[in-house]
Each structure stands twice: as structure tokens, then as C-alpha cells.
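Q: The structure that follows is given in the form of C-alpha cells.
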Amino acid sequence: MGVDLGTAYLVLVVLDARGRPLAGEYQFASVVRDGLVVDYIGAVDRLRGMKERVERRIGRTLTHAATGFPPGVPEIEVRATRNVVEAAGFDCELAIDEPSAANLVLNIPDGAIVDVGGGTTGIAIVRDGKVIYTADEPTGGTHFSLVIAGAKNIPFEEAEAIKKDPIYQSALLPLVRPVMEKVASIVRKHVSERDVKQLTLVGGTCSFPGMAEVVEAYSGIPTRVPAEPMFITPLGIGLHDLHTRKE
């Protein structure tokens, strides 16, 4: 099992013994900010509810899970994230930085993984399949919603909803493009002197049409978005749990 406590979404995934997705659930929740748990009770309550619903669907009790954290957060915050998972009813001994988790799914030999979450953008540079450098800076999908809410004078929750609606996304691109360029500038700062020839974007924010094209145009580096980018990191967290327990 893998649990991803994101700034905008909580994600729970269950893998079978071969590492294939078996079940899962996600829900919007503002319980984490910039990698820090800011609503402990809310996070525990939501995750416990997700756990119980998934257990009913698959007819099995979920006993353990790994979790993830943005690169560079203090150890005390990693412990706080694990405490949330344990308080929700899991045994949580394992935590992995999010870009390393993503590469357990992507298997990139060389390049950079850019994990654009709700509040932060994490960068991991990979050489020979190993993460050799990580960084994390503020700016993510929450900033998309804030820009939309301000421009259209609507509540944040409404902005969050229309941001994900394909009907509105093409019209919203000019509004959020500066945020995309900010993400690209963060990436360029960290990779410019490290001979990175490929960027792979993950995280739910990267589902927004045009994200890869804007980042590539700004950074000058070929950029791709895999299918279902929101679930790449949670799946990798689950694989970390599976592989470690097998060892």
C-alpha cells in the first residue's frame, strides 16, 4: 500500500503481489501545505475513511503502508506524515522521497523528474537510474487555483473545480501560463548546469493541457507527461512498500 498526503489530494493505492494496481481512492483535502501537515486530525479522519471504504470494496483489511515526502523537508515532518498514516490504522515504517518513488514507476535511466504537486515543485535528477540530486520549491497546482479565483473573482473551491474541467481549460490557459512558466523557471534553475536532456512531469497539476509544451518552451528541454500523472508517485510509494517487504 502507498499513501500520498499531498497539498491538494490524499491518495491511497493498493497493489497486488506483482505490483499491479488493485484498488485505491483519492479525495481533495487541504491538510498539508508545502510538505507540512497543517491539519493532523483532518488528515487522519479522511485517510481512515478512505482505508475503510477500500477495505469494504476488496474484502480485506489493510494493515501496512508506506508514505512519501517532498525532498528537503525536515525529518520531523517526515515523522509527522508517518504519524498520520499510523493514526489512520496502518503500520507505517517506510517513507520515500516523492521523486524517487515516481522513478520506481517510470524507470528513467537519465533525466529529471519534476513532481508538480498542489503546493510545491520537486525536482530529481537521475543518472544511471539513481537519484543524484533533489530540490523542492513552492509553486504548484494550488497557485493555478489562486490565480483563477483572483482573475474571475470566484471562491477558491470553484476555481479548483473549473481548473479540472476540460470544458474550461483552454480558456484558462492564458491565466495559468505564468504559473507554468514559474514551474519551468524553478526547473531550469536546478538543471541548467547538470546536462539534463529530458524532463518528465508528474503530479495532478501536469494533467492540465499545455503544461508540457509551456515547460519545454521555457526550459528548452524536451518534456513529456506520462499517462495519469497524478497517480505515478502514489504507485511508486506502494512499490517501495512492496519491494522493501519482499527484501
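Every number here is computed from the coordinates shown, using simple stated rules; none is lab data. Treat the numbers as computed from the prediction; the structure is a model and nothing was measured. Note that each Cβ is placed from the backbone with ideal geometry, even for glycine, and that neighbours are counted across all protein chains shown.
Q: Rank these for me by crowding, Ser207, Ser192, going from fewest to most other beta carbons within 10 Å.
A: Values: Ser207 19, Ser192 12.
Placing the least packed residue first, the sequence is Ser192, Ser207.
Q: Can I ask one more? Over 25 Å apart: what share of the alpha carbon pairs of the chain falls there, rounded to a whole percent?
A: Details: 12122 of 30381 pairs.
In whole percent, the share of Cα-Cα pairs in the chain beyond 25 Å is 40.
Q: Over the stretch 172-233, what relative contact order in percent results from Cα pairs under 8 Å that are six or more residues apart?
A: On the way: 70 pairs, mean separation 25.0, N = 62.
Normalised by residue count, the contact order of the stretch 172-233 is 40 percent.
Q: Quick one: in the stretch 100-227, what % of C-alpha pairs are over 20 Å apart? Walk me through the numbers on the way to the answer.
A: Working: 3276 of 8128 pairs.
The proportion of pairs with Cα distances above 20 Å equals 40 percent.
Q: List every residue whose amide H lies under 5 Å from the amide H of Ala23, counting only residues 5 or more places away in sequence or on a different chain, with H placed 1.01 Å from N in the peptide plane.
A: Val14
Q: Measuring from centroid to centroid over Cα atoms, what is the spacing of the stretch 80-127 and the stretch 167-191 in Å?
A: 22 Å
Q: If neighbour count is taken as other Cβ atoms inside 10 Å, put Asp195, Asp45, Asp115 in order from fewest to most.
A: Numbers: Asp195 9, Asp45 15, Asp115 30.
If I rank by nearby Cβ atoms, fewest first, I get Asp195, Asp45, Asp115.
Q: Which pairs break 30 Å Cα to Cα here: Lys152/Lys197; Lys51/Lys130; Lys130/Lys182? Please report the intermediate quantities before stating the final value.
A: Working: Lys152/Lys197 38 Å; Lys51/Lys130 32 Å; Lys130/Lys182 26 Å.
Beyond 30 Å between Cα atoms: Lys152/Lys197; Lys51/Lys130.
Q: Here's another thing I want to ask about it. Sorting Glu98, Glu157, Glu216 on the 10 Å Cβ count, fewest up front, what's the list? Can you show the working numbers first?
A: On the way: Glu98 30, Glu157 11, Glu216 16.
The fewest-first ordering by Cβ neighbours comes to Glu157, Glu216, Glu98.
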